[in-house]
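The values are calculated or read from the model by the stated rules, or taken from the named source; none is laboratory data. In this text the structure is predicted, and so the values were computed from the model without any measurement. We place every Cβ from the backbone using ideal geometry, glycine too, and count neighbours over all the protein chains shown.
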Amino acid sequence: MQHHGGLGGPESMRHYDPDLPQVPLLTNGQMVDDIPPEQHALVPSYMAPIGGSGKRIHPLPFSDSAVPVQPRSMDPSKDLAAYGYGSIAWKERMESWKQKQDNLQMMKSENGDYDGDDPDLPLMDEARQPLSRKTPLPSSQINPYRMIIIVRLVVVGFFFHYRVTHPVNDAFALWLISVICEIWFAVSWILDQFPKWLPIDRETYLDRLSLRYEKEGQASQLCPVDIYVSTVDPLKEPPLVTANTVLSILAVDYPVDKVSCYVSDDGAAMLTFEALSETSEFAKKWVPFCKKFSIEPRAPEFYFAQKIDYLKDKVQASFVKERRAMKREYEEFKVRINALVSKAHKVPEDGWTMQDGTPWPGNNVRDHPGMIQVFLGQSGGHDTDGNELPRLVYVSREKRPGFNHHKKAGAMNALVRVSAVLTNAPYLLNLDCDHYINNSKALREAMCFMVDPLLGKRVCYVQFPQRFDGIDRSDRYANRNTVFFDINMRGLDGIQGPIYVGTGCVFRRHALYGYDAPKTKKPPTRTCNCLPKWCCGCFCSGRKKKKKTNKPKSELKKRNSKTFEPVGALEGIEEGIEGIESESVDVTSEQKLEKKFGQSSVFVASTLLEDGGTLKSASPASLLKEAIHVISCGYEDKTEWGKEVGWIYGSVTEDILTGFKMHCHGWRSIYCIPSRPAFKGSAPINLSDRLHQVLRWALGSVEIFLSRHCPLWYGYGGGLKWLERLSYINATVYPLTSIPLLAYCTLPAVCLLTGKFITPELSNAASLWFLSLFICIFATSILEMRWSGVGIDEWWRNEQFWVIGGVSAHLFAVFQGLLKVLAGVDTNFTVTSKGGDDDEFSELYAFKWTTLLIPPTTLLIINLVGVVAGVSNAINNGYESWGPLFGKLFFAFWVIVHLYPFLKGLLGRQNRTPTIIIVWSILLASIFSLLWVRIDPFLAKSNGPLLEECGLDCN
Ligand SMILES: O=c1ccn([C@@H]2O[C@H](COP(=O)(O)OP(=O)(O)O[C@H]3O[C@H](CO)[C@@H](O)[C@H](O)[C@H]3O)[C@@H](O)[C@H]2O)c(=O)[nH]1
Ligand SMILES: [Mn+2]
């Protein structure tokens, strides 16, 4: 095995000061060799020649070496002054920035409007035509849907009129509880329904992108992209899974010099590090193979799992041969990775040691220095065809006890800074370690929106739907989430854009820095949050917009040039420009930015480069040193990180919060669904893991709801559209629905056992309202499935899991969330285990006990008991009692049928009898035993409610 990251050797040991925190900085040879002499003096211990893999290594190009430094000993203002503020480089940057702003304004006034759907656009030649198109859904599908929504709204109104004016006198409590629950359900329906008012689809034109940015005979003009992969626990997130993700990134269809892959290892695991080193070696063979034959997907595990037909099309003989050879190579790679994994199972007493004998710096997961290692890239070795490979960077941020590391959000922010220092691409893609690139053109898809001159500048991120591998055919626990990804998110795309779901999302780096979106049309006071606009403005907003764009061009020009000035935090930069003239202003703007972004002038300077790129004048070694500095754990103290900048802290679902803040800043996001899914991931498929995942999501939502970021109150006047706000309210308040849901699911059992009901006896008119309500609910669902293409089975699974999750995970989330707010108990992020490549679906049947199972189990039992009790009571009381019983039984069946997948999960696989038989047998057995109790001569007959006779525990 060729090992890349020899981390310090016997000679370097001399330079360690045991009292100082040792921070190994792992670099490839080129970078060390690049250090100019004056930098040598700054960090003498850098240059220790270090042995790796038993061979002696000199600080020569391409040699492997490791570099220990002490980040705190460094004074950034000193050695980085060469390209800091006030210098010539700074002025040049400001000039180019100013120039760019001017160009932008010119372009804008040329185009008149920024919205991508201006019908008046002159027809342009192919290379200048828009890169994407909005395609509204056919009105034959959407109009009936909207109509039925309105009808349902009216019916709901009449329904509540009846419910409120007709209390049940002999069961007032039952009636009151049920009405309160129903009102809550109606409100949550409205929150969920109206953001789906204007669903849209989008189409991209990759060929135009290529025509415009990849001209024949010229270097590619596509924008660089930094790609982040987050991983934390190599035992739950197998290194092979991460390796596949990384390989799919390295082989992506995008210019290699524009792609950098950053892997964040929050577990500081030597296993992850070594697996990455192996992966970088394997990539040298894998990447050219992928590109030569344009295969998909470019994650080997999933590629080789596909069946291919060698007889179809024109499969070349060379391909068959090379594929076979590559498959063997991959198998060997897997063996090596698995060997690393099995070695990692038992930790040596004195911790891990690297191949060269030095201890692994991350031996204490909670207390270790920051680590960075660059693999591949310009100088890190070429692939087997001699071509360059994308950069691959291992990053493990510093961890110290007593610091809040903010879980994934913290890891992401560390990567934002490291990548800003090392490559500073203007766009970035973030992926969970188990989400590989399934469509190698995914980055291009995103670029079609990002660089679009008409729409681009206002787009903060392009979210792709999450798609999954390895889920059971029937998707028992609604892991695929199709209702959310194919209905809700497409609806949001018609308003202000989809919410961010944590992975598979391409960001504009600038938008992550907490800036407002460039204003285009409306001055900030005229956002759509106010109620008066509500009635006219929002239902016909699509049409209104178009009218606006028809205004005379001259007026538009004036407005644009006025409103396109940098706003909000961008003012800082403006002052920076002026500051060049006067030293004092310069200092204050520098201070301002350092207060916001932290004490790294390299990072701060990078934020001013809107088109990305790093400063040529800085040496790679000093940049690496700075990179170590920006991942130190005190770096974010007293800065805006996590508050206004980067991924936002305060919730385990950092994704919703982060996206929400951007939308509040007036940005819009884009939902992109390429026909070949862009990314694919895995999901926990057994009941307990799934419930725990849902618990974490719900908890995260409750955290947001109870924080200052509660979408009910937060961010008015900042450009968040009101329908978008509704959907954020829905996304954070939904766990609360668990309380009425639990009550409502208990009601049928109570009704059956007491013989009372939640409504008085229905008149004919009243039953009409009930019936119309049911029909409306049914019709909206059917029409929704029609425009979205979601299947009835998927939709039904979603309904079922809504109840199952509701009465278990969401319920616990509400209490844990309250506990956190009231008692300050922190919530932890339990990562879900990503299945390796073992037994198919064995996971589905794995049964792990958790308290989350108690409430749904109880509900199931009491409702079954209720059905038995009700039926036996009716049998005893003769024909007339069947009528009123019907409603109650229906009600109880509604609960049981929803909980059915849960029951399946409870029973597991150990017994092979079809579960339906078990359900029926329990039911019938109890009915008969009850009947037996009834005809028991020792019990007297009566017509009163059952409860009085034999009580709850009669069976
Ligand atoms: O301290 C931590 C904890 C987690 N992670 C990473 O976070 C990701 C998501 O974790 P996972 O257990 O897979 O959670 P899921 O529920 O599958 O993830 C969904 O929900 C999360 C929010 O709860 C989002 O962050 C994810 O992007 C989204 O896919 C993984 O890559 C982890 O490695 C870290 O990097 N550091
Ligand atoms: Mn996951």
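Table for the structure above
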quantity	calculated
Subset of region 199-250 (residues that are crowded, with 20+ Cβ neighbours inside 10 Å, among the hydroxyl-bearing types (S, T, Y) and either assigned to a helix (DSSP H, G or I) or at pLDDT below 90 (or both))	T242, T245, S248
Output for region 848-893, where each listed residue is surrounded by fewer than 15 Cβ atoms within 10 Å (Cβ to Cβ) and closer than 24 Å to S767 by Cα	Y879, E880, W882, G883, F886, F890, F893
Region 316-334 residues that are not in a helix (DSSP H, G or I), paired with ones that are not polar (S, T, N, Q) (beta carbon under 6 Å, 6 or more apart)	none
Tally of residues being within 15 Å of ligand 1 (Cβ to nearest atom) and either free of Cβ contacts under 8 Å to residues at least 24 places away in the same chain or part of a loop (DSSP other than H, G, I, E, B) (or both) across region 419-437	3
When residues of region 430-456 are limited to those that are more than 16 Å from ligand 2 (Cβ to nearest atom) and in contact with a strand residue (DSSP E or B) (Cβ under 7 Å, 6 or more places away or on another chain), the one modelled with the lowest pLDDT	D452
R391 more than 16 Å from ligand 1 (Cβ to nearest atom), among the basic types (K, R) and surrounded by 17 or more Cβ atoms within 10 Å (Cβ to Cβ)	yes
Condition check for A813: closer than 17 Å to L899 by Cβ, modelled with pLDDT of 80 or more, within 16 Å of ligand 1 (Cβ to nearest atom) and within 24 Å of the chain's Cα centre (by Cα)	no
Number of the condition not met by R400 [criteria: (1) crowded, with 24+ Cβ neighbours inside 10 Å; (2) within 22 Å of P234 (Cα to Cα); (3) more than 16 Å from ligand 2 (Cβ to nearest atom)]	(1)
Selection within region 665-690 - assigned to a helix (DSSP H, G or I) and either out of contact with any helix residue (DSSP H, G or I) (no Cβ under 9 Å at 6 or more places or on another chain) or away from ligand 1 (no atom under 12 Å from the Cβ) (or both)	L687, S688
Condition check for G789: surrounded by fewer than 16 Cβ atoms within 10 Å (Cβ to Cβ), more than 16 Å from ligand 1 (Cβ to nearest atom), modelled with pLDDT under 90 and farther than 18 Å from G905 by Cα	no
Residue match in region 467-478 (condition: within 15 Å of the chain's Cα centre (by Cα), within 16 Å of ligand 2 (Cβ to nearest atom) and in contact (Cβ under 8 Å) with a residue 40 or more places away in the chain)	yes
Which numbered condition H709 fails, given (1) within 16 Å of ligand 1 (Cβ to nearest atom); (2) buried (at least 24 other Cβ atoms within 10 Å of the Cβ); (3) farther than 30 Å from G789 by Cβ	(2)
Pairs, first free of Cβ contacts under 8 Å to residues at least 12 places away in the same chain in region 198-226, second aromatic (F, W, Y), C-beta under 9 Å, six or more apart	Q221/Y213
Residues located in region 749-791, provided they are among the aliphatic types (A, V, I, L, M), in contact with a helix residue (DSSP H, G or I) (Cβ under 6 Å, 6 or more places away or on another chain) and more than 17 Å from S178 (Cα to Cα)	A779, L783, M785, V790
Residue match in region 695-707 (condition: within 20 Å of L818 (Cα to Cα), of a type outside the set (A, V, I, L, M, F, W, C) and out of contact with any Ser or Thr (no Cβ under 6 Å at 6 or more places or on another chain))	yes
Filter result for V506 (surrounded by fewer than 21 Cβ atoms within 10 Å (Cβ to Cβ) and either at pLDDT 90 or above or closer than 29 Å to D611 by Cβ (or both))	no
Pairs with Cβ under 8 Å, 6+ apart, first in region 127-145 and in contact (Cβ under 8 Å) with a residue 12 or more places away in the chain, second among the basic types (K, R) and assigned to a strand (DSSP E or B)	S132/R202; R133/R202; K134/R202; T135/R202
Residue match in region 297-306 (condition: surrounded by 15 or more Cβ atoms within 10 Å (Cβ to Cβ) and either basic (K, R) or in contact with a Gly (Cβ under 9 Å, 6 or more places away or on another chain) (or both))	yes
Residue in region 722-741 that is under 28 Å from the mean Cα position of the chain (by Cα), over 23 Å from G502 (Cβ atoms) and not hydrophobic (A, V, I, L, M, F, W, C) present	no
Answer residue from region 372-418, given it is part of a loop (DSSP other than H, G, I, E, B), more than 25 Å from Y254 (Cα to Cα) and of a type outside the set (S, T, N, Q) and is nearest to the chain's Cα centre (by Cα) among those	H406
Residue that is touching a Phe, Trp or Tyr at 6+ places or on another chain (Cβ under 9 Å), within 16 Å of ligand 2 (Cβ to nearest atom) and within 20 Å of T503 (Cβ to Cβ), where the choices are S688, S669, S701, S682	S682
Subset tally (residues that are away from ligand 1 (no atom under 15 Å from the Cβ), of a type in the set (G, A, S) and closer than 21 Å to G402 by Cβ) for region 615-659	2
Residues of region 339-371 that turn out to be part of a helix (DSSP H, G or I) and out of contact with any helix residue (DSSP H, G or I) (no Cβ under 7 Å at 6 or more places or on another chain), as a count	3
In region 885-901, the residues that are over 19 Å from T857 (Cα atoms) and within 39 Å of the chain's Cα centre (by Cα)	F890
Residue check for P740: in contact with a Cys (Cβ under 6 Å, 6 or more places away or on another chain), closer than 27 Å to L903 by Cα and touching a residue at least 24 places away in the same chain (Cβ under 8 Å)	yes
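Every residue, every condition in (1) within 34 Å of the chain's Cα centre (by Cα); (2) within 22 Å of L271 (Cβ to Cβ), yes or no:
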site	(1), (2)
P300	yes, yes
Y303	yes, no
R336	yes, yes
K343	yes, yes
E349	no, yes
R366	yes, yes
